[in-house]
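Here the structure is laid out as C-alpha cells; the discussion comes afterwards.
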Amino acid sequence: MSENIDRVNETEAAAQDVKHDGHKDKKKREPLFHITKRGQLPLIQAIGIRAAAIVLALIVGGIVSVFVTGKNPFDIYASIFDGAFGNGDRAWVTLQEIAVLLGISLAVTPAFRMRFWNTGAEGQVLIGCLATAACMFWVGGSVPEWLLIVIMLGASIIAGILWGVLPAFFKAFWGTNETLFTLMMNYVAIQLVESFLKIADKSGSNTVGPTILVHGWVPNLFGVQYLLNIVIVAALCVLMYIYLKKTKQGYEISVVGESENTARYVGINVKKVIIRTMAISGAICGLIGFLLVGATSHSIDADLVSGRGFTAIMVSWLAKFNPVIMVFTSFLLVFLDLGAGEMSSALGLNKSYGEILTGIILFFIIGCEFFVQYKINVNKNHKLFAKKGEKEVLE
Amino acid sequence: MFKKILSLVLVAAMIATLCAVFASCDTGSDELKGLSESPLPTPAVSSSVEIPDDFKIGFICLHDENSTYDNNFLKAVTAVKTALGLTDAQVIVKTNIDESNACYVAAKDLASQGCKIVFANSFGHEPFMLQAAAEFPEVEFCHATGTMAHTAGLDNFHNAFASIYQGRYLAGIAAGLKLNEMIEAGKITADQAVMGYVGAFTYAEVMSGFTSFYLGAKSVCPSVTMKVQYTGSWYDEALEQEAANALLAAGCVLISQHADSMGAPSACEVKGVPNVSYNGSTYDACPETFIVSSAINWAPYYTYIIESVINGTEIAADWCGGIKEGSVVLSGINLDVAAEGTVKAIEDAIAGFKAGTLQVFDVTKDNYITVNGEKLTSYMADVDTDDAFTPDTEAIKDGYFNESGDRSAPYFDILIDGIENLNTKY
C-alpha cells in the first residue's frame, strides 16, 4: 500500500520536474521532503517512536521549567511522580481516578466506533450522580441500607440510559445532530443538579456533602477504600473488549460505523443498533455516576464529573477505541494531572504551571502519533544535499 | 522607496503622540493626597513559641492568590510563616481545592504527610473536613466560616471567624460621612442618600455584614437607606459589575460589596461613584473612588492554633477574633475621596469598641435598629445547624444582638428597616 503511494508521489515529482524545465530562468524547485502514509508499523518501532516522544517531552519540559521557574527539573519530575505514587494513600487515589476516567472512556467507546459522536458523557455521568444522590436524600432511612443501594444503582443506570438514548432516538429517526444534542443534554443535567443543591442544602454551600447524604454508603471491599470501583471498572474493561471484538453486536457496531448503507444492505437494523449502543453507553455512565456518589465522594456538586466526560473522548481516541490500550492512556492523563497538581503544591508554584507542563508533555505524545502514521521521505536530490560543484551547475 | 519613507513618517508620528499622552498622564496626578495611615493596621505577628522540627501545618484554599478572598488567607500564611520561622517544608499550601470530595482527599493527604494542623478556608469545605477529622483524631482540623464544630461532637474539629461586623461598621462610618458631605455640597438631598450593596447570597454572613455597614453609615447620617442586589456567586466579575450598575441605575450614590472579584469596585471607578471595599484595599485599581476597606486578618488565628498544638493546650471549638486580637483590620483611608474628619470619627469608634461602650447591634438606641417600625426585643437565631433552620438560641442579650457570641460564624439574618432587597432569589 505505502509503496504504491510512494510511486505515485515519485511520478508526480517527475511530472513537476518536466514542468519546471520549461521555465529555465526560474530557479529549479524541488520539495525538500514529502510525506507518505505508513502501513502497519512493527510493534517495536511504534513503541520506539512513542518512547522517543516522551523523552523529548521531558527534555523540553525540563528546559522550559528551568527558564520559567528556576527550579531543578529533576526535582519537578520527582515531585510529579511523588504526587501520584508518593505513599500508599496517593497510589490508591491515583488508581481510583484512573478507574473513573477509564470507566467513562469505556462508556463512550462503543458509540465512537459507530461514528456516533457522543459529547454528552459528562451529563450522562452527572445525571447518574444526581439519581444516586436523590435516592440517598429522599429514600435513605426509610428502607434497609442494602435495598437503598440496589435502588440507587437501578435509578442511576436508568437515568444514564435516558440521557444517552434520548439523543440516539432523535438521531435514528430524524437524523438530528448527535454532537450538539448530547452536548446540550450536559447543561440540562447541570441545571438539574443546581436545583437539587438548592433543595437539599439550604445553608447555601455549593455542594451537598457527606453530612447530609448519610445513607446508602456502598461498603468498602475488603476494608479498602476505592477498591470496589477499581474492581468493577477492571471487569467492565474486559467485558467491553470482548463485546466489541468478539460478539455479533460488536461487529454490527463496526459495520454501522464504516458505512450505514453497507449495514442496511447486509440487513442490520441501523436504528436499533444506534439506540441500543447509546443505551449501553448511558448505562455505563450512570453506573460510574453511582460509584462516584455512592462509593467515593458521598457528595454531589455541579462540577463533580469535572470535565472527565470530555477527557474520556481523548482517552478513547488516543487508544484508537481499544479498551485495553485505554488503561494506559487513562493512566497517563491521570498521572500527569495528579502529579502536576501535587508538584505545584510541593514546590510552591502556581497550579497553572503544572498544567503548562502537562500541556507540553501531551503535545509531544499526541504529536508523535503523526510519525507513527506517516513517514517523512527526505528528497536526496534536493540542492541542500548537493555537493559544492554540483550546486553551481544547478544554479 | 516612497512607501518606506511614508511608513517611517507615520511611525515617528505615532511615537510622538504616545509620548505626549504619557507625558500628560504624568503631570496630572501630582495633586493626589493618597492613603492615610490605617486607623486599624494589621499588627505584626509575634510569638514566643519554639517550633519543633517535626511540626507541619497544611492549608487548603478554594482558589489561589488571584481571588481577593483567598489572597487574604495566603497573605496571613506568609506573615505567620516568616514570623515564626517555619521552613518551606513545614508549611504546605494546596490551592484550587474545590468544595467537593477533592477537599477530603486533600485533607487526608495533608494529614498523612504529617501535618499536625489542617486548615481549610471555604464554607463548603466543612462536611469534607469533618469526614477527614473523624478519620484522623490525632490531627487538628480548623475551618474558617463554618458552623458545625460546636455540635459535631469531634474534639479535633474547630471553626473560626472574626467579628468583621465591627470592621464593616467602621467602614460604614466613612460611607455615612461621605453622604453627609454630598448632602452639604447640595449634590443630593437627605432623602437621596441611598447606598447600594452588591451581595453574594442571602446568607447570614452577608446579611450581618451589610447590616453592620448600614448601621455604621446610619450612626452619622440618619436619613440613609440602602438597596441590596445579590449575584448568587462568590466570584463572578461580570455579574458583580452588572449588579453595581443596576444599583447605580436605581439611584444609589455610593456602593459597597461582599463578593470577591473586582467587578463592583471597577464599575464604580468607571462611573466615578465612591466605593467602600472589602478583603483588602482596591486603591491601586480605583484611586479616584476607593474610600476604605475592611478585612479579616487570619494571622492571629493561625498563631493561636499553632501555639495551642505545640503547647498541648486545647483549641476552642469556636474562635471569633475581634479588634483586640488584631483579627479585624482596616486599610488606609483615601484622603482624596473620603469626607473630612473620617479618620477621626473611625478612631473614636475604635476606642468605643475597645472600651466596650459601643455595640454595633445595639437594639436600645432610638432610630437605629427597627423591624416594621418596632425595636427588637427578642430574636431566636438558628445557631445549631440543622436542615430545617430551626431557631434555637435567644440572640438578644443585655440590650444588643450577640453576634458571633454563641458560634463564631455570623447568624444575624434580620432584614431591618431602611434596607431593601432588590432581588432575593439567592
Practice item. May I ask you to verify whether B:Phe55 is modelled with pLDDT of 90 or more, more than 9 Å from chain A (Cβ to nearest Cβ) and over 19 Å from A:Lys351 (Cβ atoms)? Key: yes
Point to revise | Inter-residue pairs, beta-carbon under 7 Å, first free of Cβ contacts under 8 Å to residues at least 12 places away in the same chain and in region A:70-98, second surrounded by 14 or more Cβ atoms within 10 Å (Cβ to Cβ) and not small (Gly, Ala, Ser), 6+ apart | key: A:Phe85/A:Thr94; A:Asp89/B:Lys108; A:Asp89/B:Asp109; A:Ala91/A:Phe85
Study note, to complete from the structure: Of the conditions (1) buried (at least 18 other Cβ atoms within 10 Å of the Cβ); (2) polar (S, T, N, Q); (3) farther than 21 Å from B:Val139 by Cβ, the single one that B:Thr82 does not satisfy is (1)
Point to revise | Failed criterion for A:Ser330 (all others in (1) within 14 Å of chain B (Cβ to nearest Cβ); (2) in a helix (DSSP H, G or I); (3) out of contact with any strand residue (DSSP E or B) (no Cβ under 6 Å at 6 or more places or on another chain) hold) | key: (1)
Revision key, fill the gap. A:Ala302: passes all of (1) in a helix (DSSP H, G or I); (2) within 12 Å of chain B (Cβ to nearest Cβ); (3) farther than 22 Å from A:Leu102 by Cβ but (1)
Review point. Does region B:215-232 contain any residue that is within 14 Å of chain A (Cβ to nearest Cβ), closer than 21 Å to B:Ser404 by Cβ and in contact with a Ser or Thr (Cβ under 9 Å, 6 or more places away or on another chain)?
Key: no
Practice item. Filter region A:260-283 for residues that are closer than 17 Å to A:Glu178 by Cβ and outside any helix (DSSP H, G or I) and give the result. Key: none
Practice item. Under 7 Å between Cβ atoms, at least 6 apart or on separate chains: pull out the pairs that start in region B:355-371 with a residue that is without any contact (Cβ under 8 Å) to a residue 12 or more places away in the chain and end on any residue that is surrounded by fewer than 17 Cβ atoms within 10 Å (Cβ to Cβ). Key: B:Leu358/B:Gly352
Practice item. State all residues of region A:211-237 that are aliphatic (A, V, I, L, M) and at pLDDT below 85; if no residue qualifies, say none. Key: A:Ile212, A:Val214, A:Val218, A:Leu221, A:Val224
Check your understanding: Which residues, taken from region A:68-126, are among the acidic types (Asp, Glu) and surrounded by 24 or more Cβ atoms within 10 Å (Cβ to Cβ)?
Key -> A:Glu122
Check your understanding: For region B:178-199, how many residues meet the condition of being crowded, with 23+ Cβ neighbours inside 10 Å and not β-branched (Val, Ile, Thr)?
Key -> 7
Review point. What number of residues within region B:183-208 are outside any strand (DSSP E or B) and either more than 14 Å from chain A (Cβ to nearest Cβ) or without any contact (Cβ under 8 Å) to a residue 24 or more places away in the chain (or both)?
Key: 11
Practice item. State whether one or more residues within region B:137-155 are within 14 Å of chain A (Cβ to nearest Cβ), part of a helix (DSSP H, G or I), of a type outside the set (Asp, Glu) and surrounded by fewer than 23 Cβ atoms within 10 Å (Cβ to Cβ). Key: yes
Point to revise | Residue in region B:110-125 that is within 13 Å of chain A (Cβ to nearest Cβ), in contact with a Ser or Thr (Cβ under 8 Å, 6 or more places away or on another chain) and over 22 Å from B:Ser281 (Cα atoms) present | key: yes
Revision key, fill the gap. Checked A:Gly341, A:Gly289, A:Gly257 against criteria (under 18 Å from the mean Cα position of the chain (by Cα) and in a helix (DSSP H, G or I)); the one match is A:Gly289
Point to revise | Lone qualifier among B:Val273, B:Val292 - being part of a loop (DSSP other than H, G, I, E, B), under 24 Å from B:Val194 (Cβ atoms) and of a type in the set (Val, Ile, Thr) | key: B:Val273
Review point. Checking B:Asp318 against (1) at pLDDT 90 or above; (2) within 22 Å of B:Gly199 (Cα to Cα), which single condition isn't satisfied?
Key: (2)
Review point. Limited to region B:327-361, what total is found for residues that are surrounded by 15 or more Cβ atoms within 10 Å (Cβ to Cβ) and either of a type in the set (Val, Ile, Thr) or not in a loop (DSSP other than H, G, I, E, B) (or both)?
Key: 14
Revision key, fill the gap. When B:Glu307 is run through (1) over 18 Å from the mean Cα position of the chain (by Cα); (2) not assigned by TED's automatic domain parsing to the domain that holds B:Gly146, the failure sits at (2)
Point to revise | Qualifying residues in region B:44-65 (those that are loosely packed, with under 14 Cβ neighbours inside 10 Å and either of a type in the set (Val, Ile, Thr) or more than 17 Å from B:Asp88 (Cα to Cα) (or both)) - the one farthest from the chain's Cα centre (by Cα) | key: B:Ser48
**Study point:** Failed item, numbered, when A:Thr132 is tested on (1) under 30 Å from A:Arg264 (Cα atoms); (2) in contact with a helix residue (DSSP H, G or I) (Cβ under 7 Å, 6 or more places away or on another chain); (3) not hydrophobic (A, V, I, L, M, F, W, C)
**Key:** (1)
Revision key, fill the gap. Among B:Gly272, B:Gly332, the single one that is in the same structural domain as B:His258 (by TED's automatic domain parsing), at positive phi and touching a Ser or Thr at 6+ places or on another chain (Cβ under 8 Å) is B:Gly272
**Study point:** One residue from A:Leu227, A:Leu221 being surrounded by fewer than 20 Cβ atoms within 10 Å (Cβ to Cβ), more than 27 Å from the chain's Cα centre (by Cα), among the aliphatic types (A, V, I, L, M) and more than 10 Å from every other protein chain (Cβ to nearest Cβ)
**Key:** A:Leu221
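The values are calculated or read from the model by the stated rules, or taken from the named source; none is laboratory data. The structure presented is a predicted model; accordingly, all values stated were derived computationally and were not measured. Glycine gets a Cβ as well: all are built from the backbone with ideal geometry, and neighbour counts include every protein chain shown.
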